[in-house]
Amino acid sequence: MRSSLRLELVAALAVGLLLAAVPMLIPGNITLLNLGILTFLYVAQGVAWNILGGFAGYVSFGYAAFFGLGAYTTALLWLAGWSPVLTYPIGGLVAAAFSLLVGAPTLRLVGPYFSIATIGVGEAMRILMLNLDKITGGASGLNLPTVVPSKTWFYFVALICAATSYAVAAWIRTSRFGLGLTALRLDLEAAESLGVRTTLFKNLAHIVSAALVGACGGVYATYLQYVHPDTVFSFTLSISLVLIALIGGLGTVWGPVLGAVVFFVVQDYLQTSYPTFHLLVYGLLLLVIILFEPGGMAGLAGRLVARRRGASAGPPAADPAPHAEHERAPMPRADAERPGTERTT
Amino acid sequence: MFTTQNLVSVAIAALLTAGLYAVMSYGLAIIYGVMKVINVSNAGFLMLGAFMTLMYFQWWHLDPVAGAVLNLLPFFGAGWLVYKLLVRRVVSARPIATLLLLFALWLVIQNVALAIWGSDDQSIITAYTYKSLIVGGFRLPLTRLIVFAVALLALSLLHFVLGHTYVGKALRATVQDPQAALLVGIDTERISALAFGLGTALSGFAGSLLTLLFSFTPDFGGPFQLKSFTIIVLGGLENFAGVTVGAAVLALTESFAVLFMRASLQNVIAYGLLVVALIVMPGGVAQLWARTRS
Amino acid sequence: MRLQRLWTVAVVVFACTLPLILTTTGQPATTEIKIGAVLPLTGAFGSSGNYFKQGYTMAIDDVNKAGGLQVGAAKYPITLIILDDGSDGTRSRSLVEKLVTDQHVNFLLGGYDTSLVQAQEVVPDQYKIPYVEGGGAASEIFKRGYKYIFGTLATIYDMAKITMDYLATAADQYKLTKPLTIAVVWENTDHGKDYIEGVLDGVKARPDLFRIVLNQSFQLNGSDFSPLLQQVQASNATVFLSDAHLPDFITMHRQYLQAGLYHQFASYGARGPDQRGRQALGGGADYLIAALWWSPALKGAASQVFADRYTREYHAIPDWFQALSYDTARVLLAGVKNAGTLDGPAVRDALAKIEFRNALVPGGVIRFNPNGQIAGSPYIMVQTLPGNTVRIIWPKKMPETFDAVLPMPKNQ
């Protein structure tokens, strides 16, 4: 396990360095830089979302609130004369503070109830921000300075965001904290009785991921030079993060990275060629994933590898999905007769 | 501005709205009750119900109320199929899987509708769309009265079915204690399919009624969806009669709050109530609902 | 285990380089002019966005049929690239940039609705690409100091002011009950804020005549306006003014009529005469007063030719959307022609001092203020009448101007 972990880190470092070299290897390609910036920001957010949604199993549909708060914090400080770079961590802090405020009560809810509550919080925030004219500029949005750093600069900042998210998630995954999150996802009561401080852990996961997403919001605000409540607090954004993690593989570190890349490439391609169908494709993709491969792409990759190994090395693999959703009932058909109500407790 | 006359007329309008709210949330409540599944695809079926009604209206000049009745059977079938083909496969996994599955279904329905009907605002104008009655000095829109009456009738009928038929009793038994229901020989699997069908049929029915009041697009349904969540949470989730209470609470709060604040904040009330109700009313009407640990 | 990890890593590397492979772009072409536009072809503003697409397409077709656009010594065919933002601001912004960086468009045409134009307007200055729009009218768009943005719509502030001026004269002419008590509701956007500012300034100018009894904002793309309309009812106003976009207009006016509301004078800004709204409301839109940038009721030669041609091509009656987008595209092309080059800054300068004649807008001339917005305030006031008729009721001096039917007759 240890060697594979090291390998994974080496691979991550290699990919990171390779991507960092891109602006030097292919200079002056703005398309590529834009693509990189947006993809990295998605990666950063998808990976961050997954800390709470995947590791701890609390699927939130309200992360746009954190993104928006980060964006507005940066926007307001930037307008007040701060240097944008300094505002990103502060945006993260504001988002983290808000996540604590919201998380403390809502994280007591389990499963779907938490999800539904986050939709309410996210949408309420959007409408509230639209009406706070004095602070947010309300529905006028805020117009930010037009003097912005170069695209290459943004490329690196976004890459750093993605790398930070990845590093944090990878560290959590292997730490006692991460184990605690997995435990509370698998069985809250059991985890509690084993001494896992579930409330603390859940909130901590929420705060960490909210802070990362908030910082991304700040980067996005400087990149876009314009913030508007409908844009940075949009429900679509919240959904995107859920989709990224699900497509890639809930609860894995690499999953959302893959998910974000696929999500963005699909979106980029479909939006220009078949704009009407782009949500339809996500919907269908999501259906297929949930029905047939709850582990997402990471799960699928693991399964394929396992099969190949099984074919070449004889005995079938005991562990088909590397660190994906082991707890998902693999075969619904078998126990479909169960009415299935116990799980709400 | 706040004369008694005005306040009473606001209250009457709110109660009429409550009828609509109740009928559109009932399907959600039934499916939740039996399966403990939050049917987020409800919004999709509401919208589909509205568009089917538009089709009936364009093809045969069928009145939306008749369209609502006509919707019942196909939507029951659709719900049954959704359960058999999709929901059943994941319902025993973690509940979040079902939520996401139904969410995906909503995305699909919405975008298929977009591909078929486009994103234009559609509406049905009948001979009585703009008529209103004056009763005791209060002007009552005829369409609201019709929706209220039809909703009331449908819900009474449903209560009768649930209370006096074998299927209804089996359904309620499953809501109360699925294990026990299984033990006494109730085929809970069939009851689940039935409940999903019934819930979807009600969504289609409510979608038709909505066309009497609103214009609609394929995006239609989203805001109503969140309101429905609020209503069933307020009503205590497994308590069918509670839906009516929840609907009344929401409608009254919304109507009166607008008197004291910016109308552009109107939806914050529903969303805020949803969150607050989820957090602070774990017991309340919803004693049965053990969703928090302590 | 090792093999499995390697495999995962391979997938990751591939996935990360995928964008590289997918985006090998060619060199910008020099044999044609590329014009790009990002419009809401789907979503809340879908119908309006499609009207804009029609107007843009007609203008570009004109030039291509004539063999292309004469720029300096050369004649270039024009390619129009239209992308759909689904009425979403973020997507709108990134697609405009994509048009510039991927498609290498020479010029940009604007999107529709103030909020989406605002999301887009950062891009043109960054890349020095002239951008002409006919879909965003809030004055806020032009207060941001951008140099490459030009707008052909007169401001919403002016629309409100003109409505109030008209109301003042109509009060005498048609014996409306004085003082005029006004219930005004506006969408909570820059569009709406412009409107309410204009209305309030109009009230300030005639405190003897006007009194505001209700001033409320509502959320854009709202689903249910009945609580708001109850307040309107309770305010007992004689005049109802509302600033709403098409979807909200349809929802709100339907509920207005269902609630049995009546006012001597009712106006939804620019809404009422549009085909889509009339269709969705049945006879419900009759007698509404609107301030418009263009109407097929204008009898000028250019307007009639355009209206006839539109009806031939699309089998429908055009609204201001199509006419203004047609004008918008033609102004851009004229600017390019005047500049005699495809160079962005040169075309910008040409647009800044353009005097475009033969335009469809009332008055027939389009010039731009230093801030980029159209000079003057070419508006007409119209009233919708039964039988899909729209009549111009102001300005008085035009031959096609009729008397209005005021106070509005009660519908039932």
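The values are calculated or read from the model by the stated rules, or taken from the named source; none is laboratory data. Note that the structure is a prediction, hence the values are computed from the model and not measured. Cβ placement follows ideal geometry from the backbone for every residue including glycine, while neighbour counts extend to all protein chains displayed.
Exactly one condition in (1) within 17 Å of B:Ala201 (Cα to Cα); (2) more than 11 Å from every other protein chain (Cβ to nearest Cβ); (3) among the aliphatic types (A, V, I, L, M) is false for B:Leu102; which is it?
For B:Leu102, the exception is condition (2).
Can you name every residue in the stretch B:197-219 that is part of a helix (DSSP H, G or I) and either in contact with a strand residue (DSSP E or B) (Cβ under 9 Å, 6 or more places away or on another chain) or over 27 Å from B:Gly33 (Cβ atoms) (or both)?
Listed by number, the residues that qualify are B:Gly207, B:Leu210, B:Thr211, B:Leu212, B:Leu213.
Closer than 24 Å to C:Asp343 by Cβ, within 23 Å of the chain's Cα centre (by Cα), away from chain B (no Cβ under 14 Å) and part of a helix (DSSP H, G or I): does that describe C:Ala59?
When the stated conditions are applied, C:Ala59 passes them.
Hey, any hits in the stretch B:177-194 for a residue that's under 23 Å from B:Ala247 (Cβ atoms) and touching a residue at least 40 places away in the same chain (Cβ under 8 Å)? Step through it out loud before you land on a result.
Filtering the stretch B:177-194 down to residues under 23 Å from B:Ala247 (Cβ atoms) leaves none.
So far as the stretch B:177-194 goes, no, none of its residues is under 23 Å from B:Ala247 (Cβ atoms) and touching a residue at least 40 places away in the same chain (Cβ under 8 Å).
In the stretch A:10-38, how many are closer than 19 Å to C:Gln126 by Cα and among the aliphatic types (A, V, I, L, M)?
Residues in the stretch A:10-38 being closer than 19 Å to C:Gln126 by Cα and among the aliphatic types (A, V, I, L, M): 6 in total.
Are any of the residues in the stretch B:111-124 more than 14 Å from every other protein chain (Cβ to nearest Cβ) and closer than 27 Å to B:Ala149 by Cβ?
Residues of the stretch B:111-124 that are more than 14 Å from every other protein chain (Cβ to nearest Cβ), as a first pass: none.
No: zero hits.
Name, by its number, the condition in (1) at the interface with chain C (Cβ under 9 Å from one of its Cβ atoms); (2) modelled with pLDDT of 85 or more that does not hold for B:Gly222.
(2)
Of the residues B:Thr143, B:Thr200, which is polar (S, T, N, Q), within 12 Å of chain C (Cβ to nearest Cβ) and surrounded by 22 or more Cβ atoms within 10 Å (Cβ to Cβ)?
B:Thr143 is the lone residue from the list that is polar (S, T, N, Q), within 12 Å of chain C (Cβ to nearest Cβ) and surrounded by 22 or more Cβ atoms within 10 Å (Cβ to Cβ).
Of the residues that sit in the stretch B:1-15 and are surrounded by 17 or more Cβ atoms within 10 Å (Cβ to Cβ) and not hydrophobic (A, V, I, L, M, F, W, C), which one is modelled with the highest pLDDT?
By that ranking, first place goes to B:Ser9.
Considering only strands (runs of 3 or more DSSP E) fully contained in the stretch C:110-204, which possess at least 3 residues that are within 12 Å of C:Gln373 (Cβ to Cβ)?
Hits in the stretch C:110-204: C:149-151.
What is the one condition in (1) buried (at least 24 other Cβ atoms within 10 Å of the Cβ); (2) touching a strand residue (DSSP E or B) at 6+ places or on another chain (Cβ under 9 Å); (3) within 14 Å of chain B (Cβ to nearest Cβ) that C:Asp190 does not satisfy?
That leaves (2) as the condition not met.
So B:Arg89 fits all but one of (1) in contact with a Gly (Cβ under 8 Å, 6 or more places away or on another chain); (2) free of Cβ contacts under 8 Å to residues at least 12 places away in the same chain; what number is the exception?
Of (1) in contact with a Gly (Cβ under 8 Å, 6 or more places away or on another chain); (2) free of Cβ contacts under 8 Å to residues at least 12 places away in the same chain, only one is false for B:Arg89: (1).
Does the stretch C:307-328 include one or more residues that are of a type in the set (S, T, N, Q) and either over 15 Å from C:Tyr56 (Cα atoms) or surrounded by fewer than 24 Cβ atoms within 10 Å (Cβ to Cβ) (or both)?
yes
Taking only the stretch C:340-393 into account, find how many residues are of a type in the set (Phe, Trp, Tyr) and either at pLDDT 95 or above or not in a loop (DSSP other than H, G, I, E, B) (or both).
Residues meeting the conditions: 2.
I'd like the full set of residues that are within 24 Å of C:Leu229 (Cα to Cα) and out of contact with any helix residue (DSSP H, G or I) (no Cβ under 8 Å at 6 or more places or on another chain), limited to the stretch B:8-55.
Across the stretch B:8-55, the qualifying residues are B:Val8, B:Ile12.
Give A:Gly255, A:Gly299, A:Gly251, A:Gly259 a once-over and let me know the one that is in contact with a Gly (Cβ under 7 Å, 6 or more places away or on another chain), surrounded by 24 or more Cβ atoms within 10 Å (Cβ to Cβ), under 15 Å from A:Val59 (Cα atoms) and among the small types (Gly, Ala, Ser).
After applying the criteria, what remains is A:Gly251.
Quick one: which residue in B:Ala206, B:Ala241, B:Ala247, B:Ala181 is more than 30 Å from B:Ser119 (Cβ to Cβ) and modelled with pLDDT of 85 or more?
Going through B:Ala206, B:Ala241, B:Ala247, B:Ala181 in turn, just one is more than 30 Å from B:Ser119 (Cβ to Cβ) and modelled with pLDDT of 85 or more: B:Ala181.
Please pick out the residue among B:Leu194, B:Leu158 that is within 13 Å of chain A (Cβ to nearest Cβ), within 21 Å of B:Gly49 (Cβ to Cβ) and part of a helix (DSSP H, G or I).
Step by step, each of B:Leu194, B:Leu158 is checked, and only B:Leu194 is within 13 Å of chain A (Cβ to nearest Cβ), within 21 Å of B:Gly49 (Cβ to Cβ) and part of a helix (DSSP H, G or I).
In the stretch C:215-227, how many are surrounded by 20 or more Cβ atoms within 10 Å (Cβ to Cβ) and part of a strand (DSSP E or B)?
So the answer is 3.
Of the numbered conditions (1) within 14 Å of chain B (Cβ to nearest Cβ); (2) touching a Ser or Thr at 6+ places or on another chain (Cβ under 8 Å); (3) closer than 27 Å to C:Asp158 by Cα, C:Gly282 fails exactly one; give the number of that condition.
(3)
Where the second residue is among the aromatic types (Phe, Trp, Tyr) and assigned to a loop (DSSP other than H, G, I, E, B) and the first is farther than 14 Å from C:Ala168 by Cβ and lies in the stretch C:207-229, which pairs have Cβ atoms under 8 Å and are six or more apart or on separate chains?
Here the result reads C:Phe218/C:Phe225; C:Ser223/B:Phe214; C:Ser223/B:Phe220; C:Asp224/B:Phe214, each pair linking the stretch C:207-229 to a residue that is among the aromatic types (Phe, Trp, Tyr) and assigned to a loop (DSSP other than H, G, I, E, B).
Could we say that C:Leu241 is more than 9 Å from chain B (Cβ to nearest Cβ) and either surrounded by fewer than 22 Cβ atoms within 10 Å (Cβ to Cβ) or in contact with a Leu (Cβ under 6 Å, 6 or more places away or on another chain) (or both) here? Walk me through it before giving the result.
Details: more than 9 Å from chain B (Cβ to nearest Cβ): yes; either surrounded by fewer than 22 Cβ atoms within 10 Å (Cβ to Cβ) or in contact with a Leu (Cβ under 6 Å, 6 or more places away or on another chain) (or both): no.
Considered against the rule, which asks whether it is more than 9 Å from chain B (Cβ to nearest Cβ) and either surrounded by fewer than 22 Cβ atoms within 10 Å (Cβ to Cβ) or in contact with a Leu (Cβ under 6 Å, 6 or more places away or on another chain) (or both), C:Leu241 comes out as no.
Determine which single condition C:Gln264 fails, assuming it passes every other condition in (1) over 28 Å from C:Pro378 (Cα atoms); (2) over 22 Å from the mean Cα position of the chain (by Cα).
Failing condition for C:Gln264: (1).
Could you tell me which of the residues B:Ser119, B:Ser132 is closer than 25 Å to B:Ala66 by Cα and crowded, with 20+ Cβ neighbours inside 10 Å? Explain how you work it out, then say what you get.
Details: B:Ser119 fails: closer than 25 Å to B:Ala66 by Cα.
Exactly one of B:Ser119, B:Ser132 is closer than 25 Å to B:Ala66 by Cα and crowded, with 20+ Cβ neighbours inside 10 Å, namely B:Ser132.
Table: residues versus (1) part of a helix (DSSP H, G or I); (2) without any contact (Cβ under 8 Å) to a residue 12 or more places away in the chain; (3) of a type outside the set (A, V, I, L, M, F, W, C).
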| site | (1), (2), (3) |
| --- | --- |
| B:Leu237 | no, no, no |
| B:Thr244 | yes, no, yes |
| B:Val249 | yes, no, no |
| B:Glu254 | yes, no, yes |
| B:Asn267 | yes, no, yes |
| B:Tyr271 | yes, no, yes |
| B:Leu274 | yes, no, no |
| B:Leu278 | yes, no, no |
